[in-house]
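Inspection log for the structure reproduced underneath, given as structure tokens.
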Amino acid sequence: MSQKDDQNNHIYFWSGTGNSYRVATWLEHISKKMDINTKIFSTDTNRGKGEIKLGKNNILGLVFPTHGFTAPWHILKFVWKLPRAKSTHAFCIATRAALKFGSFFIPGISGSATFIVALILWLKGYKVQGALSVDMPSNWFSLHPIQSKKSHEAIIRRAELK
């Protein structure tokens, strides 16, 4: 029996600009290279009913943008409505708005985003294996000038390595 037959990764994402979706597809690609059965779902169209496989050989992943230095309300409601789980592994990743000026990379701020999601998962019985913030290009243009395509590509290259 291969690893693919007994392990499942279900990665849920919510994305406004495509940054979180991109990170979710990177995770899907990496998992499939490791021969792990992996599927990604949008939280907009899938509410977790029937797709989530519970149990110790399964992993639930959540990828979402940071809004106001925390997790978006949409994600908090989604996580709260997930089924309770006793031994299902879980992780969460928040994308955050990074900048690049010349050769300097300025990281984004995810604040409490991953902590709150991880806490809710833990309260629901999931075994939280990790929480991570990933810098992606900022779209907060009322705060800073619009970044060049070259800067965006450099930020994305660094994020993909992470």
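The values are calculated or read from the model by the stated rules, or taken from the named source; none is laboratory data. Keep in mind it's a predicted model, so treat the numbers as computed, not measured. Cβ: placed from backbone, ideal geometry, glycine included. Neighbour counts: every protein chain shown. Ligands, DNA and RNA are excluded from the accessible area calculation, which covers all protein heavy atoms including side chains. Shrake-Rupley method; radii C 1.70, N 1.55, O 1.52, S 1.80 Å.
Pairing each residue of the stretch 83-94 that is in contact (Cβ under 8 Å) with a residue 60 or more places away in the chain with any residue that is open to solvent by 50 Å² or more (accessible area, probe 1.4 Å) and in a strand (DSSP E or B), provided the two are 6+ apart or on different chains, yields C-beta distances under 7 Å for ILE93/LEU132.
Per the conditions (1) open to solvent by 30 Å² or more (accessible area, probe 1.4 Å); (2) under 16 Å from LEU132 (Cβ atoms), the sole criterion not satisfied by ALA71 is (1).
Select the helices (runs of 4 or more DSSP H) contained entirely in the stretch 56-161, then report the ones holding at least 1 residues which are more than 18 Å from ARG22 (Cα to Cα) and at pLDDT 80 or above. Let's see the steps before the verdict.
Values: elements: 73-80, 113-123, 149-161.
Result: 73-80, 113-123.
Pairs meeting the criteria (first residue in the stretch 25-44 and under 22 Å from HIS74 (Cα atoms), second residue among the acidic types (Asp, Glu) and surrounded by fewer than 17 Cβ atoms within 10 Å (Cβ to Cβ), beta carbons under 7 Å, at least 6 apart or on different chains) are PHE41/GLU51.
Restricting to the stretch 27-40, name every residue that is surrounded by fewer than 17 Cβ atoms within 10 Å (Cβ to Cβ) and either touching a His at 6+ places or on another chain (Cβ under 8 Å) or of a type in the set (A, V, I, L, M, F, W, C) (or both). Even if it seems obvious, please write down each step before you answer.
Initial filter on the stretch 27-40 (surrounded by fewer than 17 Cβ atoms within 10 Å (Cβ to Cβ)): 29-30, 32-35, 39.
Across the stretch 27-40, the qualifying residues are ILE30, MET34, LYS39.
The single condition among (1) crowded, with 17+ Cβ neighbours inside 10 Å; (2) more than 16 Å from PHE13 (Cβ to Cβ) that LYS127 does not meet is (1).
Mind listing whichever residues of the stretch 89-108 are within 30 Å of LEU121 (Cα to Cα) and open to solvent by less than 30 Å² (accessible area, probe 1.4 Å)? Passing the criteria: ALA90, CYS92, ILE93, ALA94, THR95, ALA98, GLY108.
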